[in-house]
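Below is one structure, written out as C-alpha cells; the observations come after it.
Nothing in this text is a laboratory measurement; each read-out follows from the coordinates by a stated rule. Owing to the predicted nature of the structure, the values given are computational and were not obtained by experimental measurement. Here the Cβ is made from the backbone with ideal geometry for all residues, glycine too, and neighbour counts use every protein chain on show.
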Amino acid sequence: DQQVKQNSPSLSVQEGRISILNCDYTNSMFDYFLWYKKYPAEGPTFLISISSIKDKNEDGRFTVFLNKSAKHLSLHIVPSQPGDSAVYFCAASPLQGGSEKLVFGKGTKLTVNP
Amino acid sequence: DGGITQSPKYLFRKEGQNVTLSCEQNLNHDAMYWYRQDPGQGLRLIYYSQIVNDFQKGDIAEGYSVSREKKESFPLTVTSAQKNPTAFYLCASRKGIARGEAFFGQGTRLTVV
C-alpha cells in the first residue's frame, strides 16, 4: 500500500509561469515532509522541507504548503525556469518512537518549456 | 569534502550470483538508507539503519540483505533470491534526528544478465 502518492506522473508548464506539484499521504503519523529534485542516472537533491507544525515554508522560488487535515502538500515553483525540468519526489518521515523511516512517492516529471 | 559515495556506478552480474553494492559516508550521519528505482515506481525503500548494528526492513526487503558494522558504511547485498534485481540503486544518509534532509549518493546501476 503506497503511503505517499503523487498522482500526476507528468506536468508541463511555460517558462515564467507557476508550477504546482501535488502530493498526498495516507499515514497520519507522518509529520515531516521533503521535496527532492532528480535528474536521470543521478541521486536526488534536496529542495525544501516542512514540519507538521507549519503550513507553509518558503525558500526563494520554492514554496511548500501543507494541509494536515487533507493529508496533502504541494510544491510551488515561481517563476518556473527550463532548468527546473526534472523529476520531483515528495517524501515523508513519521514520528514513531524516533523512527528514521523515509518514504518516497513515485515522482512527477516536470517539463518547463522555453 | 563530506559526502556519500556509492560504488561502482555500473555493475553487471550473471543471474544466480550474489552481488554487494557499496555505500560509504563521511558526514557522521547516524541513519542510512537503501532505495531502488524502477521506471514509473519512484524510490522504494529496501532497508534502513538508524544506528550501528541495527537495521530495519523497508517496503521491499525480500531478496536483499544489509549490515551496519561501522557508522560510515552500509553495504547492500542483492541475493539470488531477488527475482528482478536489475535496477538503479540509491543509498542515502541522514543526521538521525528524525528531521532534516537525507543526502544521496550518485547511484549504482545493476544489470543482471
Charge dipole (the protein assembly as shown, unit charges on Cβ, about Cα centre) - positive-most of A:Leu47, B:Leu27, B:Leu43: B:Leu43
Per-residue average of Cβ from other chains inside 10 Å of B:38-47: 4
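Given R₀ = 30 Å, what would the calculated FRET efficiency be for B:Asn18 paired with A:Thr111, taking r from the Cβ atoms and rounding to 0.05? Display every interim value, and only then the final one.
Working: r = 40 Å, r/R0 = 1.32.
Calculated transfer efficiency: 0.15.
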J(HN,Hα) series, the range B:20-33, from Karplus relation 6.51 cos²θ - 1.76 cosθ + 1.60, nearest Hz, glycine and proline x: 10, 9, 9, 9, 10, 9, 10, 9, 6, 7, 7, 9, 9, 9
Chain lengthening between B:Asn53 and B:Thr79 when straightened (0.36 nm per residue, less Cα-Cα): 7.3 nm
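Could you tell me what fraction of 2.2 N^0.38 Å the Cα radius of gyration of chain B comes to, as a two-decimal ratio?
1.00
Compute the relative contact order of chain B as a whole-number percentage, counting only Cα pairs closer than 8 Å that sit 6 or more residues apart in sequence. Mind showing how you got there, number by number?
Values: 291 pairs, mean separation 39.1, N = 113.
Relative contact order comes out at 35 percent.
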Peptide A:100-110, shielding by other chains (average Cβ, 10 Å cutoff): 6
Of A:His76, A:Ala86, A:Gln2, farthest towards positive along the dipole that unit charges on Lys, Arg, Asp, Glu beta carbons give chain A: A:Gln2
Most to least packed among A:15-28, A:53-66 [average Cβ atoms within 10 Å]: A:15-28, A:53-66
Rounded to 5, the percent of DSSP beta bridges in the protein assembly as shown classed as antiparallel: 90
Shielding of B:24-37 by partner chains, average beta-carbon count, 10 Å: 2
Geometric extent, Cα atoms of the protein assembly as shown - Rg, Dmax (angstrom): 17.4, 51
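Relative contact order of chain A: what whole-number percent is it, with Cα pairs under 8 angstrom and at least 6 residues apart?
37
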Rotationally averaged projected area of the range A:1-68 (alpha carbon convex hull; nm²): 5.8
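So if we plug the beta-carbon distance of A:His72 and B:Lys9 into 1/(1 + (r/R0)^6) with R0 = 45 Å, what FRET efficiency do we get, rounded to 0.05? Each step should come with its number before you reach the end.
Details: r = 37 Å, r/R0 = 0.82.
My answer for the efficiency is 0.75.
Let me check against my output: what whole-number percent is the relative contact order of the range B:51-107, with C-alpha pairs under 8 Å and at least 6 apart? Write out the running numbers ahead of the final one.
Numbers: 64 pairs, mean separation 13.2, N = 57.
So the answer I get is 23 percent.
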Residues in the range A:55-73 that a label on A:Arg17 would reach, taking backbone N under 20 Å of a point 7 Å out along Cα→Cβ: A:61-63
